[in-house]
Amino acid sequence: MRPSYNEEAESYRQKIQAFLGEHLPPNWSGLGALDEDSRETFVNEWRSLLAENKLLAVSWPEEYGGAGLSEVERIVLAEEFAKAGVPEGNENDGFSITMVGNAIIQCGTEEQKRQFLPRIISGEDRWCQGYSEPDSGSDLANLGTRAVLDGDEWVVNGQKVWTSSGHTANWIFVLCRTAPEAPKHKGISFLLVPMNQDGVDCRPIINISNRHDFNEVFFSDAKTPKDHVVGDVNDGWRVANVLLGFERGHGATTDAVRFRDELERVRSVAQDRGATTDPLMRQDLARAHSKVEIMKWMGQRQVTSVLAGNPPGPESSLHKLLWSEYHQWFTEKTMHILGAEAMTPSGAQAAHGIQTDAIGAEFSALAWVQTMLGARPGTIYAGTSEVQRNIVGDRVLGLPREPRADSGPWNEIGKTN
Ligand SMILES: Cc1cc2nc3c(=O)[nH]c(=O)nc-3n(C[C@H](O)[C@H](O)[C@H](O)COP(=O)(O)OP(=O)(O)OC[C@H]3O[C@@H](n4cnc5c(N)ncnc54)[C@H](O)[C@@H]3O)c2cc1C
């Protein structure tokens, strides 16, 4: 099964391939082949080149800095970039373009589109996500960060946590409670808050791989203008879910490319080290092959759905479950190939803190261990596996919803402190 792209999409594919041929060095084998210092320089220069050539956020309308192309063409670009091992942007662009940019396009005002979208493309604004709090993760609607309107400004107080790439962002989209007396899903607003102000304090959290990938963010009378609310006041739960659909569905068409590349690299090292003579290892590699093929087919089913004009739906939870659980299992198997070396690993750092290492990466025991550790939170962020299974049960299979005891006013039922 392969989705059939229309003629425009195929001619756009050729254009992208020509762009890559023109701008990548002749011996290019992927970002992972560069050393650590060169990677950062490459990503920054590459992003500027993409912005200049209208190759960022290609499906956004031209008046906001996009290329006015279809979602299908966006997918074609993502596929070709994944195959070439080049990024679609910098580390904040997942939050800036895929999440808040798309949410503003779908739910924001004309003024918000004109103010925020071009600044995302130019790189002036880099965004991060202020959803989770110490007492609200899976039960996100229990959040307690308060925003109160004071004249022409919102005044925000509270705390967010696990804020990925918050230290490289200058804006944060924040779910805030604006009507504590309302049922918990109905008293939330989606605010756009500048981070460069005294009322916002972004503190690092060092993770299990000894990396600084996420943070906790404190708001103490932080201010943002009254009109920086996306959707209506108290309509933030709807906007939050529109954004989550983009977040969970985004990699469906390209993940299999990266997981396939990783599997090939692991298989090659296993073979060189004689590990493939072990029948259990052979069985695991065959299982990994099957999983990555299923991932590819699921991605292609999603493309087929997009080609038919459908937005990403709750089925993206199936994809999230598949890749995150597969990757935890598979990266543990890679530790058997390393053996004792996994206890004192050396070599180059992994290019990414989470998911697979970058395409083109040479073998490094340290990067393999970091990738194994980085796979652990895969079943937590963007919604835990249990939450994805609940979504699949309720919204894909149409099973009866789990009973809820929290439909009253938030300040009586949901408030935990
Ligand atoms: C690497 C990483 C990056 C992250 N980046 C961000 C970010 O940038 N911005 C942001 O806002 N958040 C971010 N998060 C937070 C993430 O979204 C939350 O950790 C996640 O939603 C789970 O919430 P929690 O940690 O509070 O766990 P809890 O919700 O407390 O869950 C604890 C356990 O209970 C289970 N559970 C909870 N409710 C149910 C239920 N109804 N049915 C069955 N089981 C249930 C969960 O599955 C889990 O096993 C990040 C997390 C990680 C690990």
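The values are calculated or read from the model by the stated rules, or taken from the named source; none is laboratory data. Source: prediction; values computed, not measured. Reconstructed Cβ throughout: ideal geometry from the backbone, glycine too, with neighbour counts over all protein chains shown.
Some values worked out for this structure:
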read-out: Candidates 380, 391, filtered to the one that is modelled with pLDDT under 95 and within 16 Å of the ligand (Cβ to nearest atom); value: 391
read-out: Cβ pairs under 6 Å, 6+ apart, first in segment 255-270 and modelled with pLDDT under 95, second surrounded by fewer than 20 Cβ atoms within 10 Å (Cβ to Cβ); value: 256/296; 257/83
read-out: Options 412, 332, 325, 341: the member that is surrounded by fewer than 19 Cβ atoms within 10 Å (Cβ to Cβ) and either among the β-branched types (Val, Ile, Thr) or under 30 Å from residue 180 (Cβ atoms) (or both); value: 412
read-out: Close pairs from segment 141-162: first in the same structural domain as residue 195 (by TED's automatic domain parsing), partner β-branched (Val, Ile, Thr) and within 16 Å of the ligand (Cβ to nearest atom), Cβ under 6 Å, at least 6 apart; value: 147/156; 158/145; 160/217
read-out: Qualifying positions in segment 16-46 - outside any helix (DSSP H, G or I) and over 22 Å from the mean Cα position of the chain (by Cα); value: 24, 25, 26, 27, 28, 29, 34, 35
read-out: Of all residues in segment 91-118 being surrounded by fewer than 21 Cβ atoms within 10 Å (Cβ to Cβ) and assigned to a loop (DSSP other than H, G, I, E, B), the one that is modelled with the highest pLDDT; value: 109
read-out: Residue 42 vs. criteria touching a residue at least 12 places away in the same chain (Cβ under 8 Å) and not assigned by TED's automatic domain parsing to the domain that holds residue 349; value: no
read-out: Elements of type helices (runs of 4 or more DSSP H) contained in segment 298-417, each with 1 or more residues being under 17 Å from residue 263 (Cα atoms), free of Cβ contacts under 8 Å to residues at least 60 places away in the same chain and out of contact with any Ser or Thr (no Cβ under 6 Å at 6 or more places or on another chain); value: 316-338, 365-375
read-out: Search result, residues across segment 209-236 that are closer than 11 Å to residue 153 by Cα and among the aliphatic types (A, V, I, L, M); value: 222, 229
read-out: Conditions (1) more than 28 Å from residue 106 (Cα to Cα); (2) within 16 Å of the ligand (Cβ to nearest atom); number of the one not met by residue 293; value: (2)
read-out: Number of positions in segment 47-64 that are under 19 Å from residue 20 (Cα atoms), touching a helix residue (DSSP H, G or I) at 6+ places or on another chain (Cβ under 8 Å) and outside any loop (DSSP other than H, G, I, E, B); value: 3
read-out: Segment 120-142, subset over 18 Å from residue 166 (Cβ atoms) and more than 16 Å from the ligand (Cβ to nearest atom), residue surrounded by the fewest Cβ atoms within 10 Å (Cβ to Cβ); value: 122
read-out: Subset of segment 191-218 that is polar (S, T, N, Q) and modelled with pLDDT of 95 or more - its residue that is surrounded by the fewest Cβ atoms within 10 Å (Cβ to Cβ); value: 196
read-out: Qualifying positions in segment 171-190 - surrounded by fewer than 24 Cβ atoms within 10 Å (Cβ to Cβ) and within 15 Å of the ligand (Cβ to nearest atom); value: 185
read-out: Subset tally (residues that are buried (at least 22 other Cβ atoms within 10 Å of the Cβ) and within 14 Å of the ligand (Cβ to nearest atom)) for segment 355-371; value: 2
read-out: In segment 356-384, the residues that are under 16 Å from the mean Cα position of the chain (by Cα) and among the hydroxyl-bearing types (Ser, Thr, Tyr); value: 356, 379, 381, 384
read-out: Segment 387-401, residues that are touching a helix residue (DSSP H, G or I) at 6+ places or on another chain (Cβ under 6 Å) and among the hydrophobic types (A, V, I, L, M, F, W, C); value: 391, 392, 399
read-out: Qualifying residue in segment 292-307 (condition: under 19 Å from the mean Cα position of the chain (by Cα) and loosely packed, with under 13 Cβ neighbours inside 10 Å); value: no
read-out: Hits in segment 20-45 - residues which are farther than 17 Å from residue 361 by Cβ and touching a helix residue (DSSP H, G or I) at 6+ places or on another chain (Cβ under 9 Å); value: 20, 23
read-out: Selection status of residue 138, within 19 Å of the chain's Cα centre (by Cα) and at positive phi; value: no
